[in-house]
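Data block below; observations after.
The values are calculated or read from the model by the stated rules, or taken from the named source; none is laboratory data. Worth saying up front: this structure is predicted, and the values here are computed from it rather than measured. Don't worry about glycine lacking a Cβ; one is built from the backbone with ideal geometry, like all the others, and counts go over all protein chains shown. Ligands, DNA and RNA are excluded from the accessible area calculation, which covers all protein heavy atoms including side chains. Shrake-Rupley method; radii C 1.70, N 1.55, O 1.52, S 1.80 Å.
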Amino acid sequence: MILATMIKLLPSKPVYAHCDVPCGIYDPRSAQIAAATVLKMVQKLKELQKPEDDDWMEYKNSMTRMILTKEEHAQKCKEELLILWTDYFKSEHLKKYPELHDTFWKAAKLCSQNKQHVDEEMANQLVTAVDSIADIFTATKKA
Amino acid sequence: MFPTLKPKQDVLVWCWFNTYKVGDIVVFQKNGKNTIKRIQYLHDRTVFVLGDNPGESTDSRHFGEVDIKDVVGKVIYIVRTK
């Protein structure tokens with residue numbers, strides 16, 4: 001506590017963990033993998049069989065792990081989309097793809113909705129939304 | 001450098017008579033900015049640095065090894081955030 005206070009009194013300079021240099025290293029693949037994982041977890045949750053005997057432990061363990069994985073990858077998908085949306089895409093892309101903001105907004109919403117629900121149709125919508133963003137990304141790279 | 005470091009967190013950097021080793025968090029000059037990463041390996045007079053959040057990090061995988069003369073110092077204390 002005393003050391004922390006003393007450190008705060010020293011002259012300081014900012015250091016950067018993120019390079020802030022437009023490095024051009026972006027890839028929608030991470031978001032696509034995360035979305036596919038969400039869909040897979042939803043499918044596996046739907047396939048889970050309730051135990052016929054009293055051995056609920058395995059069932060609950062599997063369900064919990066699948067839900068946690070779904071949650072983690074829905075969040076990961078949202079974060080990856082945010083990076084693409086805020087760091088990669090520029091105003092000139094918006095001119096050519098005026099649906100861009102709406103596409104991202106809906107995809108981000110689907111990430112949250114897939115956390116809240118176990119719905120295969122919803123998970124498929126997320127995969128489709130992320131794939132459409134990836135298609136736009138690829139098209140802008142070729143331009 | 002998440003989760004090791006978070007935005008606006010204070011670190012104490014020792015800048016004199018340093019010897020560096022793998023695992024040290026170091027500050028180095030890159031494109032005119034003080035940049036902070038962790039040493040993954042050392043080679044002769046250069047260090048290969050990696051961010052603790054490699055999925056999001058821009059580091060030696062992208063900009064190559066850092067010359068030892070560009071290393072400002074190493075982190076010796078991280079002030080805990082609330």
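May I ask which residue of A:PRO98, A:VAL42, A:PRO28 lies farthest towards the positive end of the charge dipole of chain A, with charges of +1 (Lys, Arg) and -1 (Asp, Glu) on Cβ and the Cα centre as origin?
A:PRO98
Counting only chymotrypsin sites (Phe, Trp or Tyr not before Pro) that are in a DSSP loop and have at most 16 other C-beta atoms within 10 Å, tell me the longest site-free stretch of chain B.
It runs B:21-82.
Please identify the helices of chain A, taking whole runs of DSSP H, that span at least 18 Å along their own axis as judged from the Cα atoms and have a mean Kyte-Doolittle score of -0.5 or higher.
Working: long enough: A:29-47 (27 Å, 0.07); A:56-83 (40 Å, -0.78); A:100-116 (25 Å, -0.87); A:120-142 (33 Å, 0.06).
Span-like helices in chain A: A:29-47, A:120-142.
Skip the ligands, DNA and RNA, and give the accessible area per residue of chain B with a 1.4 Å probe, whole Å².
Dividing the accessible area of chain B by its residue count gives 60 Å².
Averaged per residue, what accessible surface does chain A expose to a 1.4 Å probe, in Å²?
66
Using a cut-off of 14 Å between alpha-carbon atoms, which aspartates and glutamates can reach A:LYS46, once sequence neighbours fewer than 8 places away in the same chain are excluded?
By straight Cα distance, A:LYS46 reaches A:ASP119, A:GLU120, A:GLU121.
Can you count the Lys pairs in chain B whose Cα atoms are under 19 Å apart, with each pair 8 or more apart or on different chains?
Lysine pairs meeting both conditions in chain B amount to 17.
Leaving out ligands, DNA and RNA but keeping every protein chain, what accessible area does A:CYS77 have, in Å² rounded to the nearest 10, with a 1.4 Å probe?
0
Beyond 17 Å, what share of the Cα-Cα pairs of chain B is found? Please give it as a whole percent.
Above the 17 Å cut-off, chain B has 42 percent of its Cα pairs.
Which number comes out as Rg/Rh for region A:1-142 once both Rg and the Kirkwood Rh are worked out on C-alpha atoms?
1.17
Would you mind giving the total buried accessible surface between chains A and B, with a 1.4 Å probe and ligands, DNA and RNA left out, rounded to the nearest 100 Å²?
The summed interface area works out to 1500 Å².
For the protein assembly as shown, what % of the accessible area comes from carbon and sulfur atoms, probe 1.4 Å? Please list the in-between numbers first.
Values: 8030 of 14460 Å².
Of all accessible area on the protein assembly as shown, carbon and sulfur atoms account for 56 percent.
How fast does region A:67-126 diffuse by Stokes-Einstein, in µm²/s, taking the Kirkwood radius from C-alpha pairs at 20 °C and 1.002 mPa s?
175
Lys/Arg Cβ at +1, Asp/Glu Cβ at -1, dipole of chain A taken about the Cα centre: which of A:THR140, A:GLN113, A:MET57 is farthest positive-ward?
A:THR140
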